[in-house]
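One structure is given below, encoded as structure tokens.
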Amino acid sequence: MNKILAVAKAEYFVAVRSKAFLVGVFMMPIFMLGGFVAQILLKDQVDKADRLCVIVDQSELMFPLIQKANQWRNENEIFETEENGERKQVRPKFIFESYQSDQDLETIHQELTERVSSKELVGYAIIDKQILDTRRTPERRAIAYHTNTPSFRSLPGWLEYVVNRETQRIRFERSGLDQSLVNELSTPVKLTSLGLVAKVDENGAAQAEENDELRTFAVPIASMFLIFMMIMMTAPALLNQVLEEKTQKISEILIASISPFQLLMGKLLATVGVSVSLSTLYLGAIYGATVYFGFSDLIDPTVYPWFFLFLIISQFMYGSIFSAIGAACNEIKDAQSLMTPAMLIVMIPFFCFSIILQSPNSAFSTGISLFPPATPIIMFLRILLDPGPPLWQLLLGIALTAGFTVFCIAAAGKVFRIGILSQGQTPSIWQLMKWIVSK
């Protein structure tokens, strides 16, 4: 045991003192918050060049209304007022051109397509003659928008909104109905999602907490990604570390002093220590931030122990698998082929987490959360989703995963013992199976 702890201590301090560890500490917040921060910093980096679009108005009704609405937009909606009172343009200006021609539709398409291809136009729209007809067939498009830059959705989205608004207004006018009255009578009712009633006050009103979508969905998904990132930042690194020591003959020197199993366990303990240290930093920062901004109620403090429990189990399980792969291979290209099935196992939770979010206590969710390779992430996800799994499922999941982890460590120990000193051709999966069952 002393030798295992000595290896774990040495490996741990080498890892936490390395530049890679410091980079990893800062990379996680960058990965999780970088996109959000980048959107804030780059919000002004918008292409504000004018967008010219041709309107082929076969109805002879819509183009003047589009022009009027667009004039209001270009004068008011594309600017923001800064603190000093100056107006700053933040969106591109739309310019619409009416196409008047007696040519056939094929010629119109050909001419306008050439203008779009030459980047003179962003696109062109053809408004159907029967735009007001409510009995439209799927073959007859009310508005056909043609462009070679479909990712630019601002213009067609605005055009669709304006044409729909004006079409509805004209229909109401022609039918003699009061549109404001219809809109008032059509006001939808709002459903409020609440928890279970805790008590009924003196006036007979039920007291129940309103469900927060941030706590219901965002926190579980973010927590699942955090434990997954902790696994991916540490466990696969064991493969490269073991493979490097093997190719440089360092393992032969180490094996002269300790057994292969002791070396493996020491490395696994060091990996667990590194991941727990990283997680403590991140969770401490998250907890401090939620307390500072007044959102501490979003995360139940009782989930933190569950996080560390499942993290430790998963690190032993996946770490032993990646260590065995590294010991069995002689080159990194050989390890990559064996990593594919290992990575598929790690990715199982992400193949089905959306189903679990919808029905956390269904038969499928229960079954997949009791499948040991997926238990650490899936069961932790279910803990964060109300009402949470029953206690017997938690205990059974922990027991099954612990048993599977012990098996993985034992199997990895046999592969490690044979593979760490073996040279030559990388064994196949079937040969690895023989190593595992060998005595």
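No value in this document is a laboratory result; all are computed from the given coordinates. All values reported here derive from a predicted model rather than from experimental measurement. Positions of Cβ are generated from backbone atoms using ideal geometry, with glycine treated the same way; all protein chains shown enter the neighbour counts.
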Exercise for the section: Work out the FRET efficiency for LEU5 and THR192 from their Cβ-Cβ distance, taking R0 = 51 Å, and round it to the nearest 0.05. Expected result: 0.40
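Which peptide among 362-370, 310-318, 65-73 comes first, and what is the full order, when sorted by highest mean count of other Cβ atoms within 10 Å? Could the numbers behind the result be given before it?
Details: 362-370: 17.2, 310-318: 23.4, 65-73: 15.7.
Descending mean neighbour count gives 310-318, 362-370, 65-73.
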Exercise for the section: Assuming 1.567 mPa s and 4 °C, estimate D for region 337-378 with Stokes-Einstein, Rh taken as the Kirkwood radius over Cα pairs, in µm²/s. Expected result: 122 µm²/s
Exercise for the section: Kindly provide the helix-only [θ] at 222 nm of the chain, computed as the sum of -39,500 (n - 2.57) over DSSP H runs of four or more divided by all residues, to the nearest 500 deg cm²/dmol? Expected result: -20000 deg cm²/dmol
Fill in the blank from the handout: By the Cα gyration tensor axes a ≥ b ≥ c (a/c under 1.5 gives rounded; else a/b larger than b/c gives prolate, otherwise oblate), the shape of region 51-182 is oblate
Practice task
Please sort 275-283, 102-110 by packing, taking for each peptide the average over its residues of neighbouring beta carbons within 10 angstrom, highest first.
Solution key: 275-283, 102-110
Fill in the blank from the handout: Per DSSP, the loop-located chymotrypsin sites (Phe, Trp or Tyr not before Pro) within region 118-196 having at most 16 other beta carbons within 10 Å are PHE152
Fill in the blank from the handout: To the nearest 0.05, the calculated FRET efficiency linking VAL182 and SER277 through their beta-carbon distance, R0 being 51 Å, is 0.20
Practice task
Mind scanning LYS48/LYS129; LYS68/LYS190; LYS246/LYS434; LYS129/LYS190; LYS68/LYS119 and naming the pairs with a C-alpha gap bigger than 31 Å?
Solution key: LYS48/LYS129; LYS68/LYS190; LYS129/LYS190
Practice task
Please report the Cα spread of the chain along all three principal axes, rounded to whole Å, starting with the longest.
Solution key: 91, 71, 52
Exercise for the section: In nm, give the distance between the simple-model label positions of LYS119 and MET343, each being 7 Å from the Cα along the Cα-to-Cβ direction. Expected result: 3.7 nm
Practice task
Report relative contact order for the chain in percent, whole number only (criteria: Cα-Cα under 8 Å, sequence separation at least 6).
Solution key: 16 percent
Exercise for the section: Report, by chain and number, residues whose modeled amide H sits under 5 Å from the one on GLY123, excluding near sequence neighbours (fewer than 5 apart, same chain). Expected result: VAL54
Exercise for the section: Report the label-to-label distance for SER257 and PHE293 in nanometres (one decimal), using points 7 Å from each Cα along the Cα→Cβ vector. Expected result: 4.8 nm
